[in-house]
1. Quick one: which of Gly281, Gly270 is without any contact (Cβ under 8 Å) to a residue 24 or more places away in the chain, assigned to a loop (DSSP other than H, G, I, E, B) and out of contact with any strand residue (DSSP E or B) (no Cβ under 9 Å at 6 or more places or on another chain)?
2. Need a quick list: strands (runs of 3 or more DSSP E) entirely within region 122-228 having at least 2 residues that are among the aliphatic types (A, V, I, L, M).
3. Which ones in region 187-207 are in contact with a Leu (Cβ under 6 Å, 6 or more places away or on another chain) and under 15 Å from Pro232 (Cα atoms)?
4. Would you say Val86 is touching an Asp or Glu at 6+ places or on another chain (Cβ under 8 Å) and β-branched (Val, Ile, Thr)?
5. When you go through (1) farther than 26 Å from Gly331 by Cβ; (2) assigned to a helix (DSSP H, G or I); (3) at pLDDT 95 or above one by one for Ser97, which number turns out not to apply?
6. Of all residues in region 300-322, which are assigned to a helix (DSSP H, G or I) and either buried (at least 16 other Cβ atoms within 10 Å of the Cβ) or among the hydrophobic types (A, V, I, L, M, F, W, C) (or both)?
Amino acid sequence: MENNVSNNTGTMKAVRIHEFGGPAALRYEDAPLPVLKTGELLVRVHAVGINPPDWYLREGYKSLPPEWRPSIPMPVIPGTDLSGIVEAVAPDVTDFSIGDEVFSMVRFPSFGDSAAYAEYVAAPAQDFAHKPAGIDHIQAAAAPMAALTAWQFLIELGHDVQNPLQAERHHPVPLNGKRILVNGAAGGVGHFAVQLARWKGAHVIAVASGKHEAFLRALGADEFIDYTKQAPEDVARDLDLVIDTLGGPTTGRFLRTLKRGGALFPVFLGFSDGEEAAKRGITVSMTQVRSNGPQLATIGQLLADGTIRVAIDSTFPLADAQKAHERAAHGHIQGKIVLTVDK
């Protein structure tokens with residue numbers, strides 16, 4: 001192995017957190033090479049996709065209720081999304097071989113001792129899919145969490161794990177011929193939600209700032225609302241579904257845009273208007289995205305054949321993870337931020 005990695009030293013370069021804090025808490029340094037376990041692949045990482053849980057971890061999950069905050073052993077490597085090449089395969093794994101190009105959202109929402117902001121990752125083979133030849137490592141690394149979130153909210157949940165966010169199981173709703181609004185449409189989850197809803201035959205209204213209009217119309221949005229000029233809840237009506245990728249305490253404002261029998265899917269915590277939703281006959285539901293190799297393989301084919309595409313906001317070298325997190329904190333992102341790893 002070349003660059004900063006050596007089998008002799010058993011180390012690699014990685015970004016680790018030693019104490020919670022801002023972007024400066026991310027340290028690019030030597031770390032132990034991960035050890036391959038039963039059922040796992042060891043992957044040489046070429047690119048890493050950045051997602052909100054990465055900065056939630058960096059900050060110590062301060063936005064979560066205390067009882068939900070996992071115990072984090074320090075130092076810790078953040079990150080879930082990656083694309084790379086298989087370096088080693090556990091003896092019990094049959095679906096992958098050394099040299100395969102793969103991509104993954106590793107382990108989420110569980111936590112392990114090997115994560116994505118690193119030159120090497122060891123993770124369960126079931127979390128991986130073969131990377132289609134038609135997309136590069138940067139595009140592949142950008143896709144997993146955002147695309148799987150949109151997929152599991154809108155198309156197929158894909159698991160029967162008890163929902164930690166609500167008592168009921170989340171159920172996607174039929175999309176063909178329906179009027180759907182996507183709030184935060186230019187972001188990671190949002191731009192996939194727009195494309196998947198259009199693919200399934202929905203009439204899609206995209207909400208974002210004006211600079212994203214051409215981008216979102218190119219992805220298939222039928223209508224566009226510039227939230228800096230008018231509040232979407234004041235102009236949108238008779239909707240079948242709102243997927244609010246921003247979520248939070250203001251998501252209840254979309255209830256009045258929905259038909260009776262419609263649905264509101266907030267991606268992030270904070271909805272508190274259950275009484276009004278019940279009065280209006282609106283289903284409010286959310287879920288927590290989970291790693292799913294077979295779903296990722298299907299998404300990979302849609303990316304490869306051009307049915308959907310992933311937008312790249314910006315790229316940074318792994319060593320500049322601090323700058324990448326600063327870019328994320330600045331907001332107004334179009335698509336995804338990706339870290340590149342020296343080959």
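1. On the way: Gly281 fails: out of contact with any strand residue (DSSP E or B) (no Cβ under 9 Å at 6 or more places or on another chain).
The unique qualifying residue is Gly270.
2. Details: elements: 128-130, 179-183, 203-208, 223-226.
Fully inside region 122-228 and qualifying: 179-183, 203-208.
3. Ile205, Ala206
4. Numbers: touching an Asp or Glu at 6+ places or on another chain (Cβ under 8 Å): yes; β-branched (Val, Ile, Thr): yes.
Here the answer is yes, as Val86 does meet what is asked.
5. In the conditions (1) farther than 26 Å from Gly331 by Cβ; (2) assigned to a helix (DSSP H, G or I); (3) at pLDDT 95 or above, Ser97 misses (2) alone.
6. Here is the first cut: in region 300-322, the ones assigned to a helix (DSSP H, G or I) are 300-304, 318-322.
Residues satisfying the conditions are Gly300, Leu302, Leu303, Ala304, Leu318, Ala319, Asp320, Ala321, Gln322.
Conditions tested, residue by residue: (1) at pLDDT 95 or above; (2) touching a Lys or Arg at 6+ places or on another chain (Cβ under 9 Å); (3) within 16 Å of Leu196 (Cα to Cα).
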{"site": "Arg280", "(1), (2), (3)": "yes, yes, no"}
{"site": "Met286", "(1), (2), (3)": "yes, no, no"}
{"site": "Leu296", "(1), (2), (3)": "yes, no, yes"}
{"site": "Arg309", "(1), (2), (3)": "yes, no, yes"}
{"site": "Leu318", "(1), (2), (3)": "yes, yes, no"}
{"site": "His325", "(1), (2), (3)": "yes, yes, no"}
{"site": "His330", "(1), (2), (3)": "no, no, no"}
{"site": "Asp342", "(1), (2), (3)": "no, yes, no"}
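Here's the yes/no breakdown for (1) at pLDDT 95 or above; (2) out of contact with any helix residue (DSSP H, G or I) (no Cβ under 7 Å at 6 or more places or on another chain); (3) crowded, with 24+ Cβ neighbours inside 10 Å:
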position: Met105; (1), (2), (3): yes, no, yes
position: Ser110; (1), (2), (3): no, yes, no
position: Tyr117; (1), (2), (3): yes, no, yes
position: Gln126; (1), (2), (3): yes, no, no
position: Val161; (1), (2), (3): no, yes, no
position: Pro164; (1), (2), (3): no, yes, no
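The values are calculated or read from the model by the stated rules, or taken from the named source; none is laboratory data. Just so it is clear, the model here is predicted, and its values are computed rather than measured. Cβ atoms come from the backbone with ideal geometry, glycine included; neighbour counts cover every protein chain shown.
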